[in-house]
Amino acid sequence: MAGGGQVFYVEATVPDLPQDDAINQRLCDELINELNKTPSEYYLDVDFEGLLRNRPSLKGLKTMLENGKPGERFGLEGNGVKIVITILQYKKETKEEASVATVGYGAYWGSPGATIIRKAIDKKATKYGKLGRPYLIAVNVKDFITDHCLLNALFGDLCVTINPKSGEGSSKRDFHTAKLLSPKGHRQNTRVSEIIVLPRLVPWGIAQITPVLWHNPWAKCPFPPELWQLPQQMPNKSEGVYEKKDGKTISDLLSLPPNWPGG
C-alpha cells in the first residue's frame, strides 16, 4: 500500500481462541470489569485457577471487599474453579479508577484480553522476514479489550509487589509475557511498526468502529504518524507509557452518517 508517497504493508487478522478459552476469557473479563466498577480505596489482585463456565456472583464478595483491609484474601470456589481476590495497597491520591492491579491465570498465559493480541503478533510478526518497509498488523478483536490489555500484551503483564510490613507497593512488568521486550528487557519484534486495533469490526458497524493505531517505539521502519488521520497511541520517552492523540472518527473519514446503515 502507498499513501503520501510512503510505501508500507498492512495485514489484517482475526485471532480466535479455542471455544473453552473464549468462554473463560469472556467471563473473566466481565468479572474483572465488574470489580473495576466497584468503588474501592484499594488495589486488588485477582487470581484464577481453572476454567470459568458460569459467571460467579460478586454480591457477597463486594460487601467483604468494602470492609476489608490490605493483606486480606477472599475466595470463590465451585465447579472446579477457584477465584482468590487479595486486597493490596491503598490507592492514595491516584487518579486511577480501576481497582484490579494484577491478574493471575494459573497455567494460562497472562490476561485473556492480552492473549488475543499476543496470538496475533506471534502469528504475523516474523512471517515475512525483513520487509524494509513499515509493517502494520491490524487486529480485529471480537471481545472486550481495554488499553490495559494492549499495554500488557506489548510490554508484559503489570504485576504489583507488596511489602507486608510497610504495606507499600511497587509495580513492574513481567517481560516474559511481553511481545516488544524480551525477559532481559531487550527489544524484540522490531520489524512490526504498528498495531491497529479494531474492536468487534463488522460490515454493518463500520461507522461506529474507529480503529486506533498503536506505535512500536522501537520499530526499525516506523510508520509516519501524520499519515494516520484516526486516533493513535503515541509512545513517550518512558517505555511502556503512551499518550493518546485524537483524530477523526471513521464515519467522518468515510463521509458516512454516524448511525450508518440505519440512516
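Over 27 Å apart at the Cα level, from the set Lys59/Lys245; Lys124/Lys220; Lys69/Lys244; Lys179/Lys248; Lys82/Lys124, are Lys59/Lys245; Lys69/Lys244; Lys179/Lys248; Lys82/Lys124.
Descending by average beta-carbon neighbour count within 10 Å, the peptides 244-251, 24-31, 133-140 line up as 133-140, 24-31, 244-251, the highest first. For the pair Ser255 and Leu227, a Förster radius of 25 Å applied to the C-beta separation gives a FRET efficiency near 0.85, rounded to the nearest 0.05.
Rule-based calculations on the coordinates, nothing more; no lab input. None of the values given here were measured: they were computed from a predicted structure. Glycine also receives a Cβ, built like all others from the backbone with ideal geometry; neighbour counts cover every protein chain displayed.
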